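Visitor: The structure that follows is given in the form of structure tokens.
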């Protein structure tokens with residue numbers, strides 16, 4: 001590793017820093033997803049079943065509000081039980097869901113930047129190394145030593161290899177994490193829609209009573 005860092009020059013040092021930053025972000029995001037159990041929806045399914053049966057309070061209690069999907073669904077259910085304005089409740093639920101999703105997407109931008117810049121930095125190092133190698137060849141004139149030229153070329157190509165080695169796993173990890181957040185977003189949307197389109201019997205009855213009173 002020390003040989004690679006010395007031979008590659010400052011570009012390889014920058015790529016090494018990029019790799020450390022990217023690895024740190026990936027480990028933090030894995031820990032975050034693991035702690036939040038963001039994709040676990042077993043409690044949501046059970047709560048929605050109770051909700052359809054008219055057990056609104058029990059449905060809210062069945063939700064683990066430490067999980068993003070469960071917390072958003074709990075807010076929507078609680079708002080229905082408190083007979084909140086439907087339009088305002090939808091907007092507030094959407095705001096809370098957006099906050100959770102933005103939290104899950106935090107630090108995705110640095111991963112994207114590292115994945116994009118790493119191969120470009122590697123290419124820049126290669127171009128600079130090739131320029132130096134050909135300058136040495138021009139200086140040597142007709143007394144060019146092929147071993148010196150080949151040594152300069154492999155050192156130049158080293159930066160491209162390091163850049164790709166950093167970029168490939170970072171891009172793959174970024175895509176995988178993005179897909180996980182997309183699944184969480186889809187689960188939120190589906191569960192909340194089911195809450196709004198299928199209120200419990202007690203809420204439906206309360207709404208009918210209010211409508212009759214208004215008509216009277």
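The values are calculated or read from the model by the stated rules, or taken from the named source; none is laboratory data. Computed from a prediction, not measured in an experiment: that's the story for all the values here. Neighbour counts run over all protein chains shown; Cβ positions are idealised from the backbone, glycine included.
Visitor: Which residue out of 47, 83, 76, 38 is part of a loop (DSSP other than H, G, I, E, B), touching a residue at least 24 places away in the same chain (Cβ under 8 Å) and more than 30 Å from residue 110 (Cβ to Cβ)?
Guide: Going through 47, 83, 76, 38 in turn, the sole match is 83.
Visitor: With the requirement that a residue be assigned to a loop (DSSP other than H, G, I, E, B) and touching a helix residue (DSSP H, G or I) at 6+ places or on another chain (Cβ under 7 Å), what does the stretch 50-65 give you?
Guide: Answer for the stretch 50-65, where residues must be assigned to a loop (DSSP other than H, G, I, E, B) and touching a helix residue (DSSP H, G or I) at 6+ places or on another chain (Cβ under 7 Å): 54, 62, 63, 64, 65.
Visitor: Here's a follow-up. What number of residues within the stretch 14-39 are touching a helix residue (DSSP H, G or I) at 6+ places or on another chain (Cβ under 8 Å) and either farther than 15 Å from residue 173 by Cβ or exposed (fewer than 14 other Cβ atoms within 10 Å of the Cβ) (or both)?
Guide: Residues flagged as touching a helix residue (DSSP H, G or I) at 6+ places or on another chain (Cβ under 8 Å) and either farther than 15 Å from residue 173 by Cβ or exposed (fewer than 14 other Cβ atoms within 10 Å of the Cβ) (or both) within the stretch 14-39 amount to 6.
Visitor: Filter the stretch 70-79 down to residues that are more than 24 Å from the chain's Cα centre (by Cα) and surrounded by fewer than 21 Cβ atoms within 10 Å (Cβ to Cβ) and give me whichever is nearest to residue 94 (Cα to Cα).
Guide: 79
Visitor: If you take the residues of the stretch 53-69 that are more than 22 Å from residue 184 (Cβ to Cβ) and exposed (fewer than 15 other Cβ atoms within 10 Å of the Cβ), which of them is nearest to the chain's Cα centre (by Cα)?
Guide: Checked the stretch 53-69; the qualifying residue nearest to the chain's Cα centre (by Cα) is 61.
Visitor: Among the residues of the stretch 156-172, are any at pLDDT 65 or above, closer than 30 Å to residue 25 by Cβ and either in contact with a strand residue (DSSP E or B) (Cβ under 6 Å, 6 or more places away or on another chain) or surrounded by fewer than 12 Cβ atoms within 10 Å (Cβ to Cβ) (or both)?
Guide: yes
Visitor: Then there is this: Determine if the stretch 34-41 includes at least one residue that is over 18 Å from the mean Cα position of the chain (by Cα) and either over 22 Å from residue 119 (Cβ atoms) or modelled with pLDDT of 85 or more (or both).
Guide: yes
Visitor: Select, from 44, 113, the only residue that is at pLDDT 90 or above and at negative phi.
Guide: 113
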